[in-house]
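The values are calculated or read from the model by the stated rules, or taken from the named source; none is laboratory data. Quick caveat: nothing in here was measured; it's all calculated off a predicted structure. We place every Cβ from the backbone using ideal geometry, glycine too, and count neighbours over all the protein chains shown. Side chains are part of the model used for accessible areas, which takes the heavy atoms of the whole protein and leaves out ligands, DNA and RNA. Shrake-Rupley method; radii C 1.70, N 1.55, O 1.52, S 1.80 Å.
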Amino acid sequence: MTNNDIFRRIRYTFDLKDNTIVNIFALAEVEVTQEQVTAWLKKDDDDAFVTMKNRELASFLNGFISFKRGKREGPQPAPEAQLNNNMVFQKLRIALNLKADDILEIFELVGLPLSSHELSAFFRKPSHKNYRECKDQMLRNFLLGVQRQLRPNAES
């Protein structure tokens, strides 16, 4: 999944308007314009499409955590220059304040049962022997499950 795909899915799932997205970036102390947001949301084959960089998606996710949970005291976390699906998954878990059982339930909604051991492997440090890389399909199914949970009547 590209950063733009993840961004589009989060926007749709949480029904975020462009001005809300600008405000979410501001919570991460990053200034973006509505034009930038619109360009990131365009289809890949559109001439106005702009690829979202890792640092931009990381900033959005950091702001999303503040948006959903409230801004924390002190300096805001710096956006990561390198981002992978495990990090995206972790940031979404934090933003949505999800416990392991909540996430397992989300995967059940999309017909992808996981054990708690399989799930915890995604949140381990890469150096840990039981670390497991979060593949695109797993992240896509997680986002789809969250979407189904929040918008049960929406088309997938």
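Taking the protein heavy atoms of the chain in the context of the full set of protein chains, the accessible area attributed to carbon and sulfur is 47 percent at 1.4 Å.
Where does the charge balance sit around R8 when Lys and Arg score +1, Asp and Glu -1, over other residues with C-beta under 11 Å from its C-beta?
Here the charged neighbours net out to +2.
For R132, the residues whose modelled amide H falls within less than 5 Å of its own, excluding neighbours fewer than 5 places apart on the same chain, are F122, R124.
Determine the distance separating the Cα centre of the stretch 69-108 from the Cα centre of the stretch 7-21; give it in Å without decimals. What the calculation gives is 16 Å, centre to centre.
Phi angles across the stretch 6-11 convert, under the Karplus curve 6.51 cos²θ - 1.76 cosθ + 1.60 with θ = phi - 60°, into 3J(HN,Hα) values of 4, 4, 4, 5, 5, 4 Hz, Gly and Pro given as x. Checking the cross-link pairs K42/K135; K68/K129; K71/K99; K42/K99; K42/K129 against a 30 Å limit on the alpha carbon distance flags K68/K129; K42/K99; K42/K129 as lying beyond it.
Against the chain, whose longest principal axis comes from its Cα atoms, helix 85-95 is set at around 80 degrees. Among M87, M52, M1, the sequence by solvent-accessible area, most first, with a 1.4 Å probe is M87, M1, M52. Relative to the current alpha-carbon distance between E108 and N130, full extension at 0.36 nm per residue lengthens the span by 5.7 nm.
Solvent-accessible area of V50, all protein chains in place: 60 Å² (probe radius 1.4 Å, heavy atoms, ligands and nucleic acids excluded). As a length-normalised measure over Cα pairs under 8 Å and 6 or more apart, the relative contact order of the chain settles at 21 percent.
Ignoring ligands, DNA and RNA, how do S127, S116 rank by accessible area with a 1.4 Å probe, largest first?
Values: S127 110, S116 65 Å².
Ranked list, largest accessible area first: S127, S116.
For R140 and E73, the FRET efficiency from 1/(1 + (r/R0)^6), where r spans their Cβ atoms and R0 equals 41 Å, is about 0.75.
With the contact rule set at Cα under 8 Å and sequence spacing of 6 or more, what percent relative contact order holds for the stretch 1-88?
Relative contact order for the stretch 1-88 comes out at 30 percent.
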